[in-house]
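J.: Here it is: the structure, laid out below.
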Amino acid sequence: DEMYMEGIDADVRAFNSIMKACERSNNWDDIQKLYQVMLEKGVDPNRYTYSKVILSFLKSGQLEQAVKVYNQIGTLNLIPEKSAFQETFDHIVRGCSVQTLPLKIEAWNVLLNGCKKYLTSKDAQLVFDLMILNGNSPNRDSFEHLLKVYDKRQDAPGILKTFETMKTFGVTANENILRILTNALSASERWSNMLELLGESQELLKRMPLGYYEELFSSLVRKGEFRYVKDMLAIIPHGHDWVNLCNFVIEQYNGRKEWDKTLQIIDLMDASKMEPNDRTAKMALLACSGARMAQKGLKLLENFESKGVHLDSLSYDMMVSMLAEAGDIEHSRQVVNKMKAKNMVPSVVHYNKVIASCKHSSKWKEALRIFDGMVNVGIKPNIFSYGCLMGVLGHSGQWRTAVEKLEEMSALGIKPNTIVFNAAINACDRGGNLEQALRLLDQMHRQNVKTDLFSYNSVMSACGRLGEMNHCLQIFDQVEERGIAPDVTTFNSLLIACTKTGDWYAALNLLGQMKTRHVEPDIVTYNTCIAACAVDGKWRHIQLLIAEMEQKGIKPDVISYTGLVSSLEKLGHWKQALMILDVMKRKGISPNLITYSSVISSCAKAGEWVAATKLIENLVHMGIKPDRITYNSALSACDRANEWKQALDLYQEMKAKDIGPDTTTYKTLINVLKRNGKTLQAYKLKKDMKEESRSLYV
């Protein structure tokens, strides 16, 4: 009052402050009076004002007045504050007095919008149903508010049910409704319904942003619905963003290495007469490279060039290496010439990657062909090219070719580095050429090429494979002289040499040294020690080694237990060998043919033919095919037990399984037959043996 007396107009904030004070003292009548003064003075109420006025009418039981205010704010699309909205909902909706209150459609929409913000989808559905019951036809805003409530709760069934209701009222979708509907259809994987919806929304689709489509197609790609990807690409209006959308989908499939699907989309773009861009071209060529479809890539390249698509050097490089990998050197050379005509420098990097990729599949011939193809088209290899090629040759044990490439590098003035030398030494190790490995190591020293632990480990591995313990120890001394700390691989090479020489004592001594030097043994270490002990039948030592493995958390495998069985076989301890088989089965370790053969051999030494033949039956039952050694051991058991009938049965079984008998087979059978007076059968077998020997000779 003082402000107006002084000629100062009060603003909405002043009125709201007084209303807040009135609310605290539950003075609802004064709030209504203040509201009237505001209207008289021409002060525009805001959301806060309307909230307090609605609350005052509801608290004083004046529902009709509250409805009038609601109708007013409905036209302004304002949602009251939570306390006022909750009070409205309790009095008007839950009080079921709605049929006597003339709420306009805009007010109903405010209630629906408020449910999204404050209440649940169940409450929103109640408002929606009462609105229709009150004789109001829902409009697009009504459906959008209700759909947003369901979308916020990720209630796909509720969204789809509302969509069906929407169709019965003849209400069409807008951008927001379309987004909500497609998300719900995607979540419920109702792709055919989505196709139908998109087909009916062509004009609307033209206004949808690219991000909407990207979200939609990401879901389709992730769920493996390629058929619908193609169908939807065909339905979507082919505007300027359509190519970018296709690029997005192609990028998704390339990321999943589903190259065939990428190429099908490229064909779809071509059939649609839509012009690809440089991004399309690059990803299409990448797909051809991944699918190893060089000729398809070449056709696409020519097609892109004819359409004036800008292709960078990376695209051409990809094509060159793709053709070279396919062995098409002529076309590869033509593409290189194109690059030179465009003042592009062909890159060796892509070739290097392709060559390196041959390593794990041991495709050394293919790697060599690609390398030579690169040289033939005029691309000069660098140190990395040789490094990649030597890595493949080393992995495949092709030491002769590796040495030739080293000499070639020197002739071209390219100094081999540690990686190249190590790969060549690795090739010698895997190829079993110790002498050449030693020469290469000496060459590294003479040429002042830095040696590392891998260099020495590869040479020691070659020594170990051949049982050259002295050479192994000499290299080990060099490792220590150069201050390089040996690792588990270094010691494993020494242990392999011990196994080859049967020196179990030295093997156990080395294991002790590892512990002293704090080098953690691995399963290879223990299995190699077990193998060394098995040569001399030291089964008690092996048992201790297996126990130590388990204590260290290293799980013994079939190799570990086969070594134990082998040591027992050396001493003819067949009962203990059978017990080990049971232990393996209890621990979930499946014995292999070597394990069974060792147990059968131990049974043979004791003449336990029943156990030996039973073990062969077990082998067959497990799906493991016995070999000649297995049968010869079982025959030996029958021979020692003088079981000539069982020996003949085993012989017939061998022939039925196409396991050719050898001299040992025949001699064992003939001995047991002669001993039991079966001279005629022994003579016939001897004749068969001579005929088979003659046949083998021819």
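The values are calculated or read from the model by the stated rules, or taken from the named source; none is laboratory data. Worth saying up front: this structure is predicted, and the values here are computed from it rather than measured. All Cβ positions, even for glycine, are placed from backbone atoms using ideal geometry, and neighbour counts span all protein chains on display. For accessibility, only protein heavy atoms count, side chains too; no ligands or nucleic acids. Shrake-Rupley method; radii C 1.70, N 1.55, O 1.52, S 1.80 Å.
J.: Which residues, counting only those in region 630-669, are modelled with pLDDT under 90, buried (at least 21 other Cβ atoms within 10 Å of the Cβ) and of a type in the set (Val, Ile, Thr)?
T.: Result: Thr665, Thr668.
J.: Kindly check whether there is at least one residue in region 65-72 that is at pLDDT below 90, closer than 24 Å to Lys104 by Cβ and either acidic (Asp, Glu) or open to solvent by 80 Å² or more (accessible area, probe 1.4 Å) (or both).
T.: For region 65-72, residues at pLDDT below 90, closer than 24 Å to Lys104 by Cβ and either acidic (Asp, Glu) or open to solvent by 80 Å² or more (accessible area, probe 1.4 Å) (or both): present.
J.: Also: Failed condition for Ser410, given (1) touching a Cys at 6+ places or on another chain (Cβ under 9 Å); (2) over 30 Å from Ala485 (Cβ atoms), with all others met?
T.: For Ser410, the failing item is (1).
J.: Output yes when any residue across region 358-381 is within 15 Å of Ser455 (Cα to Cα), open to solvent by less than 40 Å² (accessible area, probe 1.4 Å) and in contact with a helix residue (DSSP H, G or I) (Cβ under 9 Å, 6 or more places away or on another chain), and no when none is.
T.: Taking every residue of region 358-381 in turn, none turns out to be within 15 Å of Ser455 (Cα to Cα), open to solvent by less than 40 Å² (accessible area, probe 1.4 Å) and in contact with a helix residue (DSSP H, G or I) (Cβ under 9 Å, 6 or more places away or on another chain).
J.: Tell me which of these Asn337 doesn't satisfy, since it passes every other one: (1) surrounded by fewer than 17 Cβ atoms within 10 Å (Cβ to Cβ); (2) touching a Phe, Trp or Tyr at 6+ places or on another chain (Cβ under 8 Å); (3) more than 30 Å from Phe226 (Cβ to Cβ).
T.: Unmet condition: (2).
J.: Given the structure, is Ile475 under 23 Å from Arg430 (Cβ atoms), of a type in the set (Val, Ile, Thr) and outside any helix (DSSP H, G or I)?
T.: No, not satisfied.
J.: Those residues that are part of a loop (DSSP other than H, G, I, E, B) and among the β-branched types (Val, Ile, Thr), I need them from region 478-499; list them, please. Step through it out loud before you land on a result.
T.: Here is the first cut: in region 478-499, the ones part of a loop (DSSP other than H, G, I, E, B) are 482-487.
Correct list: Ile484 only.
J.: Pick from region 550-579 the residues that are buried (at least 21 other Cβ atoms within 10 Å of the Cβ) and among the aliphatic types (A, V, I, L, M): which of them is farthest from Ala604 (Cα to Cα)?
T.: Here the residue is Leu564.
J.: Something else about it: Could you name every one of the helices (runs of 4 or more DSSP H) located completely within region 500-566 that has at least 2 residues being in contact with a helix residue (DSSP H, G or I) (Cβ under 6 Å, 6 or more places away or on another chain) and within 22 Å of Leu466 (Cβ to Cβ)?
T.: Once the helices (runs of 4 or more DSSP H) in region 500-566 are filtered for at least 2 residues that are in contact with a helix residue (DSSP H, G or I) (Cβ under 6 Å, 6 or more places away or on another chain) and within 22 Å of Leu466 (Cβ to Cβ), what remains is 504-516, 523-535.
J.: Do you know which residues across region 109-155 are closer than 14 Å to Ile177 by Cβ, open to solvent by 20 Å² or more (accessible area, probe 1.4 Å) and outside any helix (DSSP H, G or I)?
T.: Asn139
One line per residue, one yes/no per condition, for (1) in contact with a Ser or Thr (Cβ under 9 Å, 6 or more places away or on another chain); (2) surrounded by 17 or more Cβ atoms within 10 Å (Cβ to Cβ); (3) modelled with pLDDT of 95 or more:
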residue: Lys415; (1), (2), (3): no, no, no
residue: Asn426; (1), (2), (3): yes, yes, no
residue: Arg430; (1), (2), (3): yes, yes, no
residue: Asn433; (1), (2), (3): no, yes, no
residue: Met444; (1), (2), (3): yes, yes, no
residue: Ser455; (1), (2), (3): yes, yes, no
residue: Ile484; (1), (2), (3): yes, no, no
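J.: Against the conditions (1) of a type outside the set (A, V, I, L, M, F, W, C); (2) open to solvent by less than 70 Å² (accessible area, probe 1.4 Å); (3) modelled with pLDDT of 90 or more, where does Arg179 fall short? Just the number, please.
T.: Status for Arg179: all satisfied but (2).
J.: Could you say which residue among Thr172, Thr88, Thr165 is open to solvent by 50 Å² or more (accessible area, probe 1.4 Å) and hydroxyl-bearing (Ser, Thr, Tyr)?
T.: Working: Thr88 fails: open to solvent by 50 Å² or more (accessible area, probe 1.4 Å); Thr165 fails: open to solvent by 50 Å² or more (accessible area, probe 1.4 Å).
From the options Thr172, Thr88, Thr165, the qualifying one is Thr172.
J.: State yes or no: is Val583 exposed (fewer than 15 other Cβ atoms within 10 Å of the Cβ), within 37 Å of the chain's Cα centre (by Cα) and not basic (Lys, Arg)?
T.: In short, yes.
J.: Next question, about the same structure. On the basis of being hydrophobic (A, V, I, L, M, F, W, C), assigned to a helix (DSSP H, G or I), under 19 Å from Ile355 (Cα atoms) and open to solvent by less than 10 Å² (accessible area, probe 1.4 Å), does Cys246 make the cut?
T.: no
J.: Still on this structure, please answer the following. Take Glu325 and tell me if it is under 26 Å from the mean Cα position of the chain (by Cα), open to solvent by 10 Å² or more (accessible area, probe 1.4 Å) and among the acidic types (Asp, Glu).
T.: It is true that Glu325 is under 26 Å from the mean Cα position of the chain (by Cα), open to solvent by 10 Å² or more (accessible area, probe 1.4 Å) and among the acidic types (Asp, Glu).
J.: Just wondering, is there one or more residues in region 546-562 that are in contact with a Ser or Thr (Cβ under 9 Å, 6 or more places away or on another chain) and free of Cβ contacts under 8 Å to residues at least 24 places away in the same chain?
T.: yes
J.: How many of the residues making up region 249-300 are assigned to a loop (DSSP other than H, G, I, E, B) and closer than 26 Å to Asp328 by Cα? It would help to see each step written out before you state the result.
T.: Kept after step one, since they are assigned to a loop (DSSP other than H, G, I, E, B), are these residues of region 249-300: 256-258, 272-277, 291-293.
Remaining after also requiring closer than 26 Å to Asp328 by Cα: 257-258, 291-293.
So the answer is 5.
J.: Between Leu39, Leu76, which is of a type outside the set (Ser, Thr, Tyr), open to solvent by 60 Å² or more (accessible area, probe 1.4 Å) and at pLDDT below 85?
T.: Just one listed residue meets the conditions, Leu76.
J.: What do you reckon, is Thr630 of a type outside the set (D, E, K, R), touching a helix residue (DSSP H, G or I) at 6+ places or on another chain (Cβ under 7 Å), closer than 22 Å to Lys575 by Cα and part of a helix (DSSP H, G or I)?
T.: Criteria met by Thr630.
J.: While we're on this one: State all residues of region 594-629 that are open to solvent by less than 10 Å² (accessible area, probe 1.4 Å) and either among the polar types (S, T, N, Q) or in contact with a strand residue (DSSP E or B) (Cβ under 7 Å, 6 or more places away or on another chain) (or both); if no residue qualifies, say none.
T.: Across region 594-629, the qualifying residues are Thr595, Ser602.
J.: May I pose another question? Applying the selection to region 301-321, what residues are in contact (Cβ under 8 Å) with a residue 24 or more places away in the chain, of a type outside the set (Val, Ile, Thr) and not in a loop (DSSP other than H, G, I, E, B)?
T.: Leu301, Asn303, Phe304, Ser313, Leu314, Ser315, Tyr316, Asp317, Met318, Met319, Ser321
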